[in-house]
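See below for the structure under consideration.
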Amino acid sequence: NENPTFEGCPNDITRSANPGKAYAIVTWNEPVASDNSGYIASLIKSKTSGDEISIGQTTVTYRAEDQTGNVGTCVFVITVTDDEDPTLSNCPSNIHRNTDAGKPYATVTWQEPTPGDNSGLPVMTSTRSRGDQLYIGVNEVTYTVTDPSGNLALPCSFTITVNDSENPIITLCPSDINQGTDPGTDVAEVRWDLPVAEDNSGIVSVVGNYQPGDVFDIGTTTVNYEASDESGHTDTCSFQIVVFDDEIPNIICPADIAQNSDPGKATTEVTWNVPSGSDNTGVKSVTSDWQPGDTFPIFTTLVTYTVTDIYDNSFECTFKVVVFDIEPPTIICFEDKQTSTRPGLPTSIVTWSDPRVGDNSGDENVIYISTMSSGDAFPIGTTTISYYAIDPSGNSATCEFTIEVIDDEPPVIACPTPITVNTEPGKPDALVEWNHPVPTDNSQQNPILLFDGGSPGDRFGIGHNKITYTSKDSSGNTQGCEFTITVEDHEPPTITCPADIIIEANPWPSVIVSWPYPAITDNCAKVNIADGPSLREGRVEIYENEKWTSICGDWWDKPDADVVCRQL
């Protein structure tokens, strides 16, 4: 059960690495293993005296095992220290570069220095890296190297100077400015947006010989701006400010003038005070197309004054000179006239001479109008013709005359042709129809129609019946016509004899015989004698209203006889 033992097991060892090496050759007295059995079956060691031991701590182990499997060990630590500084060679020289186009920096590369160390594991660091963007100016680059043991190499330092070779650029230079003078002055306060400049450095200043809000005289002024960066590069721009006098001068004209024309004339002399002009830069001239004391015609004349300043700006003012014509024109009309209508027409064509007119503005300026014109057709009756004379100012005068058209032409009327009819059966008369004649008249108005002797639809007795028509127009002219209605009786009378008479002759050879008179009737009879002893005796009857009626009874006197005679 007893483990083997070691005699002379070394203590921990510390050595410095061999120069230029990452290890140290270390030697030690190797320990001796023993066992109570007197026999070491195996002896194993991790390092051997004289081995190269790398920088750092290395544990060295010896292991002894007897034949029964018991194990004994010897362990110690070898520490190899690195006391040698690393090295840094091929340090670059100072570098000069221009900025990248449009940039405030330059992308710079260089050959990095070469680090070295006995440990073979140097760690190199730098304040800048290859390909960095280095800004305008001097940029210091420092490389340092450390080894795992913290030893430092001497640093490698160099400078990279980035030069700005680009000029700044003014991108928004104002355009030329045209501006009128400030009201009432001969200068102008002009404002504009300051130019915008860009530079790759990002730092640029802009200065100009004028600033927005400065006051400029009339004329052309060049404004210059310069943009500069910190490297002294510049860019310039310029524009022109043109100040012009656009303020029109002022002039105040007199008020409008109204004046009557001189008596009997078409003009009058008018005077006024001449206006004066003013301007912010000074008046050069005042002109007019009319002058005080000029003679002005009737109606409205526009007087214009023009003021012009020294820069040829001009302004006009106007006023009116109104000359009134208050005199009316004169007009003399034609005398009254009388005439007859034209045949068959209700009018007469009448002509006359134009009226005589005059006016202070000139006879030719008078316009006259009339209610009718010479050569017009005038109707029957009296027509008043009015003439109105108007001068150009609206003054007027009138005159009148009359035209009397007389209608001395009678109406025209045509009666029907004569009419012949038969009596109606059993009647002593006939009902007759015809159309009234239609009269016409040159007046084109319907004349009055008068008639006598009967009307269409009347009953007319046997014989000749005269119908008379008379037409009368509105002027009292008359015209008549007549025609005859003849009623003929072609119906024979009737007679009814007594019946045959047979009488016995006894005792005489002759007999006195009596019988009633035959009954006699006729369509034309208006008077009849009935029931009398002879044709001339009896009761008097009259045919009236379709029947026979007794006219007289027991008494016969003069009135009865008159009736009978009238009927006969």
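The values are calculated or read from the model by the stated rules, or taken from the named source; none is laboratory data. Treat the numbers as computed from the prediction; the structure is a model and nothing was measured. Reconstructed Cβ throughout: ideal geometry from the backbone, glycine too, with neighbour counts over all protein chains shown. Heavy atoms of the whole protein, side chains included, go into the accessibility calculation; ligands, DNA and RNA do not. Shrake-Rupley method; radii C 1.70, N 1.55, O 1.52, S 1.80 Å.
Mind checking which residues of the range 17-49 are part of a strand (DSSP E or B) and loosely packed, with under 13 Cβ neighbours inside 10 Å? Working first, answer last.
First, pick out the residues of the range 17-49 that are part of a strand (DSSP E or B): 23-26, 32-34, 40-45.
Matches in the range 17-49: SER42, ILE44.
Identify all residues within the range 405-441 that are open to solvent by less than 30 Å² (accessible area, probe 1.4 Å), under 23 Å from PRO346 (Cα atoms) and assigned to a loop (DSSP other than H, G, I, E, B); write none if there are none.
ASP407, PRO411, ILE413, PRO437, PRO439, ASP441, listed by residue number.
What is the residue count in the range 174-233 for residues that are over 18 Å from PRO104 (Cα atoms) and touching a Lys or Arg at 6+ places or on another chain (Cβ under 7 Å)?
2
Are there strands (runs of 3 or more DSSP E) fully within the range 50-89 with at least 1 residues that are farther than 24 Å from ALA22 by Cα? List them. Write out each step before concluding.
Working: elements: 51-54, 56-66, 71-81, 87-89.
So the answer is 56-66, 71-81.
Of all residues in the range 302-313, which are open to solvent by 20 Å² or more (accessible area, probe 1.4 Å) and either more than 38 Å from the chain's Cα centre (by Cα) or modelled with pLDDT of 95 or more (or both)? Before the answer, list the steps.
Of all residues in the range 302-313, those open to solvent by 20 Å² or more (accessible area, probe 1.4 Å) come to 302, 304, 306, 308, 310-313.
Across the range 302-313, the qualifying residues are LEU302, THR304, THR306, THR308, ILE310, TYR311, ASP312.
Consider only pairs whose beta carbons are under 6 Å apart and that are at least six residues apart or on different chains; among these, list those whose first residue lies in the range 275-296 and is within 15 Å of LYS320 (Cα to Cα) and whose second residue is acidic (Asp, Glu).
THR295/GLU269
So which of VAL270, VAL204 ends up being open to solvent by less than 60 Å² (accessible area, probe 1.4 Å), among the β-branched types (Val, Ile, Thr), closer than 30 Å to TYR135 by Cβ and more than 44 Å from the chain's Cα centre (by Cα)? So that I can check it myself, show each step before the final result.
Working: VAL270 fails: closer than 30 Å to TYR135 by Cβ.
Exactly one of VAL270, VAL204 is open to solvent by less than 60 Å² (accessible area, probe 1.4 Å), among the β-branched types (Val, Ile, Thr), closer than 30 Å to TYR135 by Cβ and more than 44 Å from the chain's Cα centre (by Cα), namely VAL204.
Within the range 469-489, track down each residue that is open to solvent by 80 Å² or more (accessible area, probe 1.4 Å) and out of contact with any Leu (no Cβ under 8 Å at 6 or more places or on another chain).
SER474, GLU482
Is it fair to say ASP235 is of a type outside the set (A, V, I, L, M, F, W, C), assigned to a strand (DSSP E or B) and in contact (Cβ under 8 Å) with a residue 60 or more places away in the chain? Spell out the reasoning first.
Numbers: of a type outside the set (A, V, I, L, M, F, W, C): yes; assigned to a strand (DSSP E or B): yes; in contact (Cβ under 8 Å) with a residue 60 or more places away in the chain: yes.
In short, yes.
When you go through ALA397, ALA377 one by one, which is the residue that is under 30 Å from SER261 (Cβ atoms) and aliphatic (A, V, I, L, M)?
Values: ALA377 fails: under 30 Å from SER261 (Cβ atoms).
Checking each option against the conditions leaves just ALA397.
Is it true that ILE136 is at pLDDT 95 or above, buried (at least 18 other Cβ atoms within 10 Å of the Cβ) and aliphatic (A, V, I, L, M)? Break it down stepwise before answering.
Numbers: at pLDDT 95 or above: no; buried (at least 18 other Cβ atoms within 10 Å of the Cβ): yes; aliphatic (A, V, I, L, M): yes.
So ILE136 does not fit the description; no.
For (1) part of a strand (DSSP E or B); (2) open to solvent by 70 Å² or more (accessible area, probe 1.4 Å); (3) over 23 Å from ASN528 (Cα atoms), each residue gets a yes or a no:
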| position | (1), (2), (3) |
| --- | --- |
| SER443 | no, no, yes |
| PHE451 | yes, yes, yes |
| ILE467 | yes, no, yes |
| GLU491 | no, no, no |
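Please determine, by comparing only the residues of the range 497-538 that are exposed (fewer than 10 other Cβ atoms within 10 Å of the Cβ) and either polar (S, T, N, Q) or in contact with a Leu (Cβ under 6 Å, 6 or more places away or on another chain) (or both), which one is modelled with the lowest pLDDT.
Here the residue is SER534.
For GLU247, all conditions in the list (1) surrounded by fewer than 17 Cβ atoms within 10 Å (Cβ to Cβ); (2) in a loop (DSSP other than H, G, I, E, B); (3) of a type in the set (D, E, K, R) hold save one; what is the number of the exception?
(1)
Residues in the range 350-367 that are open to solvent by 80 Å² or more (accessible area, probe 1.4 Å) and of a type in the set (A, V, I, L, M, F, W, C): how many?
So the count comes out to 1.
For the range 160-200, name all the residues that are touching a residue at least 60 places away in the same chain (Cβ under 8 Å), within 25 Å of SER231 (Cα to Cα) and polar (S, T, N, Q).
THR161, ASN163, SER165, ASN167, ASN200
Inside the range 90-118, can you point out the residues that are touching a residue at least 60 places away in the same chain (Cβ under 8 Å), part of a strand (DSSP E or B) and surrounded by fewer than 16 Cβ atoms within 10 Å (Cβ to Cβ)?
HIS96, ASN98, listed by residue number.
If we keep just the residues of the range 174-195 that are open to solvent by less than 60 Å² (accessible area, probe 1.4 Å) and part of a strand (DSSP E or B), which is nearest to ASN250 (Cα to Cα)? If you could, list the steps in order and put the result at the bottom.
From the range 174-195, those open to solvent by less than 60 Å² (accessible area, probe 1.4 Å) are 174, 177, 179-182, 184-185, 187-188, 190, 192, 195; that's our starting set.
Narrowing the set further to residues that are part of a strand (DSSP E or B) leaves 177, 179-180, 187-188.
On the way: ILE177: 26, GLN179: 20, GLY180: 16, VAL187: 18, ALA188: 19 Å.
Filtering the range 174-195 for residues that are open to solvent by less than 60 Å² (accessible area, probe 1.4 Å) and part of a strand (DSSP E or B), the one nearest to ASN250 (Cα to Cα) comes out as GLY180.
Kindly indicate which of ILE40, ILE95 is among the β-branched types (Val, Ile, Thr) and closer than 30 Å to ASN163 by Cβ. Walk me through it before giving the result.
On the way: ILE40 fails: closer than 30 Å to ASN163 by Cβ.
None of the others qualify; the one that does is ILE95.
Determine, yes or no, whether SER129 is of a type in the set (Ser, Thr, Tyr) and free of Cβ contacts under 8 Å to residues at least 12 places away in the same chain. I'd like the intermediate steps shown before the answer.
Details: of a type in the set (Ser, Thr, Tyr): yes; free of Cβ contacts under 8 Å to residues at least 12 places away in the same chain: yes.
Taking the combined requirement at face value, the residue satisfies it.
Take the residues of the range 314-349 that are of a type in the set (Gly, Ala, Ser) and closer than 24 Å to THR383 by Cβ: which is surrounded by the fewest Cβ atoms within 10 Å (Cβ to Cβ)?
The initial filter retains those residues of the range 314-349 that are of a type in the set (Gly, Ala, Ser), namely 314, 340, 344, 348.
Filter once more, keeping what is closer than 24 Å to THR383 by Cβ: 340, 344, 348.
Working: SER340: 13, GLY344: 10, SER348: 21.
Out of the qualifying residues, it is GLY344.
Answer with yes or no whether THR318 is without any contact (Cβ under 8 Å) to a residue 40 or more places away in the chain and either β-branched (Val, Ile, Thr) or over 30 Å from ASN250 (Cβ atoms) (or both).
Values: without any contact (Cβ under 8 Å) to a residue 40 or more places away in the chain: no; either β-branched (Val, Ile, Thr) or over 30 Å from ASN250 (Cβ atoms) (or both): yes.
When the stated conditions are applied, THR318 does not pass them.
Do we find that ASP262 is modelled with pLDDT of 95 or more, acidic (Asp, Glu) and over 25 Å from ILE169 (Cα atoms) in this structure? Walk me through it before giving the result.
Details: modelled with pLDDT of 95 or more: no; acidic (Asp, Glu): yes; over 25 Å from ILE169 (Cα atoms): yes.
When the stated conditions are applied, ASP262 does not pass them.
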